[in-house]
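Reading through the structure tokens given below for one structure.
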Amino acid sequence: MNLVLFGPPGAGKGTQAKLLTDKRGLPQLSTGDMLRAAVAAGSPLGLRVKSILEKGELVPDELVIDIIGQRYDQPDCAHGAVFDGFPRTIPQAEALDTMLAARGKQIDLVLELKVDDAVLLSRVEARIKAGGVLRSDDTPETLKHRLGVYYKNTAPLLDFYRAQGKLRTLDGMAPVGAVTAAVAVILDGPTAG
Ligand code: AMP
């Protein structure tokens, strides 16, 4: 099964993706994690994207399409994957459909975690208050910018996937366990949990 976890920055996509990996053995394919690893390693890709990530802008489509294609061809994706933070633009979604079709696969479902902007901002503020290690883009200012990018470039994908009949929307403001239970109901039917 190939799933897309969809939603604004800080909606909880990564948290749900990790739970899907643990429970269903579907690897989490997070382009954000892959790009941060490239930055940390100081690779040519990392050097190219570092300032883009810090500003909360989108990395060029062809770069993320390329890294996701390479990652998807690893053996652990043989039975599918959870896409987290990809696709983020219409060209990325089209490239993903083409890549999967070439392998006889498809996106089965897109799970949208819906969270109000004010809640996303209060989550960042809570992380800052709690201390700990924060990402360089985990600030209220950068979040506001990333939300603008989300509504402009990424939210149009909701219509793209709705038209394909694949979109399911969940309340991402519910407690983590309730979101996980709602995901299970979508994937396994009402008797799940
Ligand atoms: P994330 O961890 O998914 O929030 O991604 C962190 C940052 O990585 C984003 O703000 C973008 O700069 C970059 N990024 C991650 N995924 C993509 C993508 N699919 N397309 C373009 N840029 C991306």
Nearest-10 value in Å² for the accessible area of Val179, using the 1.4 Å probe = 10 Å²
Within the set Lys18/Lys129; Lys50/Lys129; Lys13/Lys166, which residue pairs have Cα atoms separated by over 23 Å?
-> Lys18/Lys129; Lys50/Lys129
Could you list log10 I(q)/I(0) for segment 2-188 at q = 0.13, 0.16, 0.18 Å⁻¹, which the Debye formula gives when each Cα is one point scatterer?
-> -0.67, -1.06, -1.38
Under 15 Å Cα-Cα from Lys144, which aspartates and glutamates qualify once same-chain neighbours fewer than 8 residues away are excluded?
-> Glu54, Glu57, Asp116, Asp117, Glu125
Additional length obtainable on full extension of the chain from His79 to Arg48, 0.36 nm per residue less Cα span | 7.9 nm
At a Cα cut-off below 14 Å, give the aspartates and glutamates reachable from Lys114, other chains included and same-chain residues fewer than 8 away excluded.
-> Asp171
Separation of alpha-carbon centers, segment 106-121 and segment 1-68, rounded to whole Å = 15 Å
Counted charge near Asp188, where neighbours are those whose Cβ lies closer than 12 Å (Asp, Glu -1; Lys, Arg +1) | +2
In the chain the accessible area split gives carbon plus sulfur, as whole percent at 1.4 Å, a share of 57 percent
Percent antiparallel among DSSP beta bridges with both residues in the chain, to the nearest 5?
-> 0 percent
Per residue, accessible area of segment 2-188 with a 1.4 Å probe, heavy atoms of protein chains only, in Å², comes to 48 Å²
Roughly how much of Asp84 is accessible, in Å² to the nearest 10, using a 1.4 Å probe?
-> 10 Å²
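The values are calculated or read from the model by the stated rules, or taken from the named source; none is laboratory data. The model shown is predicted, which means the values in this text are computed figures rather than measured ones. Cβ sites come from the backbone with ideal geometry, for glycine too, and all protein chains shown count toward neighbours. Please note that ligands, DNA and RNA were not included when accessible areas were found on the heavy atoms of the full protein model with its side chains. Shrake-Rupley method; radii C 1.70, N 1.55, O 1.52, S 1.80 Å.
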